[in-house]
1. List the helices (runs of 4 or more DSSP H) that sit entirely inside the stretch 300-384 and contain at least 3 residues that are modelled with pLDDT of 85 or more and of a type in the set (D, E, K, R).
2. Which one of the conditions (1) modelled with pLDDT under 80; (2) more than 21 Å from the chain's Cα centre (by Cα); (3) of a type in the set (Val, Ile, Thr) does Ile22 fail to meet, given that it meets all the rest?
3. Could you tell me which residue of the stretch 28-52 is modelled with the highest pLDDT, considering only residues that are in a loop (DSSP other than H, G, I, E, B) and among the hydrophobic types (A, V, I, L, M, F, W, C)?
4. In this structure, is Gly263 modelled with pLDDT under 80, closer than 27 Å to Ser88 by Cβ and in the same structural domain as Asn372 (by TED's automatic domain parsing)?
5. Counting only residues that are hydroxyl-bearing (Ser, Thr, Tyr) and at pLDDT 90 or above, which one in the stretch 205-238 is surrounded by the fewest Cβ atoms within 10 Å (Cβ to Cβ)?
6. Considering only residues that are assigned to a strand (DSSP E or B) and modelled with pLDDT of 85 or more, which ones fall in the stretch 160-182?
Amino acid sequence: MKDLSYNIAFIGQTGVGKSTLINYLLGEVRAESGVGKPVTGKVFKEYKHKLKGIDINVYDSWGLEVGKHEEWRDLFRKTLSEHGVSKSPKEWFHTIIYCIGASGGRIQDADLDIIRVVVKENYPVAIALTKADLITEDDENKLLTVLKNEFGESKKILIGSVCSESKVTRAGKSEPFGKDVIEKIILDHVAVSISLKLPDYLYEQLSKELERQRSLAFKIIENETGFFSDDIESKLKIMFAELNDTLAALWASTIQDVLSAYGGILGFISDDLMNEYGFKREYFQGKYPASIFRRKGLFEGLAITILMPVFVLIAKESKKDSYREMVNSYVVNVRRNLRDVTSKLANQLNGDVISRQPVHGSSEMNFPVLINSLLGALGFPKAL
């Protein structure tokens, strides 16, 4: 994939310091900030930058304003859909940072509502407590307690406190802090992003292939001369008997595409990393052995055998609708099994990757753990 970047969206209420935090993170004034009025237009503005050598796209949102909650939410949902699992991995929002002004001393219901939306949509969320220089450590802990009580020990959410600019107040001069924490959270979210989005992305891609197979089956039923002949049944049997291999191949190639995309984004998939963890560069370069596409048990629980015996029971004088009904019934069953398989992968990744995340602060990057988990999902021996 070309033009790969890691996409980070900053959202939050007007005046909490989103634009100032972006400027602090980027190390230069790129996002307009000000006092007394909203300054970010009613769009997501995009800024390109590098973070620790990684190409990033930073999206600065129009701030959530009093009385405009519905308009903001509609815009936000539309933007989420434009960066969701129906798109390629390079277009996803890989991290969403929700900014809350710590100086306000409380977490508002509007903040919690939007964070719930983001979590429900399966995005990794970082909560940045901005202007943290203006509160005491005790007040900061009270805010953290509110967030932890609301979201439990959710490993999808990391929390960091930050002061984005030097400022002289009546209490004295404050210096910026917390940039390293926000940067580390963003890097930690690389693995979390894949863990959260990949299962749904796999389901989306395999469902598209399943729909394509259904359309082909309908064309056979509609166009075959002597459409009640044994030839229809034979063609349908062959088509769906091969579907397991088709979906297995797509499963493997889709995981490889995601690994390649993120490997390109990170840029540090180096020989040192390969050697340290026993990974092979072909994991990232599309060089999977052909045997992986036929690996038995890759779709354990995907019951392809439920399909075709029903077709032989259809009398030749039956109508086309009977064939279509049988195809539709099969597609429903396979789709259900696809959901089971991707759900199992989601649970595996949650156990291997997301459960390692702290709620407050950050941990060692768990990208190698993610790779190892995905190799297991592909049927490779685990390296770790």
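1. Values: elements: 309-312, 320-352, 367-378.
Counting at least 3 such residues, we get 320-352.
2. (1)
3. Step one: filter the stretch 28-52 for residues in a loop (DSSP other than H, G, I, E, B), giving 28-44, 52.
Applying the additional criterion that residues be among the hydrophobic types (A, V, I, L, M, F, W, C) yields 29, 31, 35, 39, 43-44.
Working: Val29: 73, Ala31: 67, Val35: 44, Val39: 40, Val43: 61, Phe44: 76.
In this case the residue turns out to be Phe44.
4. On the way: modelled with pLDDT under 80: yes; closer than 27 Å to Ser88 by Cβ: yes; in the same structural domain as Asn372 (by TED's automatic domain parsing): yes.
For Gly263, the condition - modelled with pLDDT under 80, closer than 27 Å to Ser88 by Cβ and in the same structural domain as Asn372 (by TED's automatic domain parsing) - is met.
5. Going residue by residue through the stretch 205-238, those that are hydroxyl-bearing (Ser, Thr, Tyr) are 207, 215, 225, 229, 234.
Applying the additional criterion that residues be at pLDDT 90 or above yields 207, 215.
Working: Ser207: 16, Ser215: 10.
Step by step, filter the stretch 205-238, then rank; the result is Ser215.
6. As a first pass, look at the stretch 160-182 and keep what is assigned to a strand (DSSP E or B): 160-161, 163, 167-169, 172-174, 177.
Scanning the stretch 160-182 gives Gly160, Ser161, Cys163, Phe177.
The values are calculated or read from the model by the stated rules, or taken from the named source; none is laboratory data. On a predicted model such as this, the values are computed, not experimentally measured, just so you know. As a convention, Cβ positions derive from the backbone with ideal geometry for all residues, glycine included, and neighbour counts pool all protein chains shown.
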